Amino acid sequence: MCLLNIAKREVLRIAVRPLYLFCMIIAPVFCYLFFTTLMANGLPTDLPAGVVDLDNTSTTRNIIRNLDAFQQTHIVAHYPSVMEARKAIQRGEIYSFYYIPEGTTEAPLASRQPKVSFYVNYSYLIAGSLLYKDQRTISELAAGAVGRATLYAKGATEDQAMAFLQPIVIDTHALNNPWLNYSDYLCNTLFPGILMLLIFLTTIYTLGEEVKNGTGRELMRLADNSITKVLIGKLLPHTLVFFVIAVFYNVYLYGYLHYPCHSGIFPMLLAGLLLVLSSQAFGVFLFGLFGSFRLALSAASLWGVISFSISGFTFPVMAMHPTLQALCVLFPLRHYYLLYVNFALNGYPLIYAWQAVAALLVFLLLPFLILKKLRTILLQYVYVP
């Protein structure tokens, strides 16, 4: 009965404080809709690029038309010199430019090797990488076309020409994300990461508010002086709301937007529930560990931000320093990311992901380490503004 009373008390507090509504519902839903709309195309398209064509022949104009036909590249300007094109990059008008020097078309006919160049502004890594790929591809296609025409002129058959130009046939297979969709890659871990950070902050806030308002003793009386009942009763409404949000983003990503999910949605719902519970447990642990409202919020913010970098979806864990590889297990998002890879991408059954599941369950044990201190905080600590 006391658990129900504490839960009702918490529901009323949530209902009358707009901050809870913002952190638990509005902020995560807004982020989900914002990022999926921002990256609706999967990859950026029509990135502005320029051309410096000093040869200006039908062949080079055809190369430029083919380059402009690529989905990621949009030729927006022709420049009379490399210097003018460099200035355009510095002004932020284009991300790259393709340079064709004078005599490029005549060089192969005179048995000389022509040289084309492309300049890419890698200050913008994604845009630069995509434009570099397109310009490199068109250069290789142009070189192959010139080489094939030369071999044909020497009497080679098509099979002989292709065997000479491409002695080894390369067959590539993009697994799990064959569309090379940046949205598919990013949103599946970014969304849970945002939710995890909000759970950290909300859990610490709801406990810290009891200390700040001096209602800790009242709460303990409602729970028959049981700190365990306090935590269960206070956090249960939060758990239900955050789990509904986790269900929402899973249904939104895999049911509505049809992101790859080879395991079916139910294993991902289990992963979402484990993330919610482990994040709440870690938030309780931080509050009890620091004993200070401000310090706990600061530590939670820092831990949440670091999670995005160390979990493995922005930078490979195996490429990190060995110390960081060892430390990454301390972040719930890392284990959720492994569950996502095993379930949604690889379609493996639960047994193959038992280590990540066990790691998230270990986080649930953290509050037991600080129960005694947390009880003291609620009964004795006085908030100092």
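Structure data summary
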item: Aspartates and glutamates whose Cα lies under 19 Å from that of K229, excluding same-chain neighbours fewer than 8 positions away; result: E10, E209, E210, E218
item: Dipole moment magnitude, nearest 20 debye, the chain about Cα centre, only Lys, Arg, Asp, Glu C-beta charged; result: 1700
item: Given charges at Cβ of Lys, Arg, Asp, Glu: the chain dipole, positive-most of L364, T45, G272; result: L364
item: Dipole-positive endmost among V244, F30, I168 within the chain (Cβ charges, Cα centre); result: V244
item: Difference of contour (0.36 nm per residue) and Cα-Cα distance, V11 to K373; result: 127.8 nm
item: Antiparallel %, DSSP beta bridges [both residues in the chain], to 5; result: 30
item: When the chain is reduced to its Cα atoms, the Kirkwood hydrodynamic radius in Å; result: 25.0
item: Peptide ranges 298-306, 268-276, 156-164 listed from the most packed, as the mean C-beta count within 10 angstrom indicates; result: 268-276, 298-306, 156-164
item: Mean Cα-pair separation over length for the chain, i.e. relative contact order, pairs under 8 Å, 6 or more apart, %; result: 19
item: Euclidean distance of C-alpha centroids, segment 329-385 and segment 206-241, integer Å; result: 20
item: Cβ-derived FRET efficiency at R0 35 Å, I26 paired with N181, nearest 0.05; result: 0.80
item: Antiparallel content of DSSP bridges confined to segment 47-165, in %, to 5; result: 30
item: Relative packing of peptides 320-333, 180-193, 118-131 - highest average C-beta neighbours within 10 Å first; result: 180-193, 118-131, 320-333
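Every number here is computed from the coordinates shown, using simple stated rules; none is lab data. If you're wondering where the values come from, they're calculated on a predicted model, not measured in any experiment. A quick note on method: Cβ atoms are made from the backbone with ideal geometry, for glycine too, and the neighbour counts reach across all protein chains shown.
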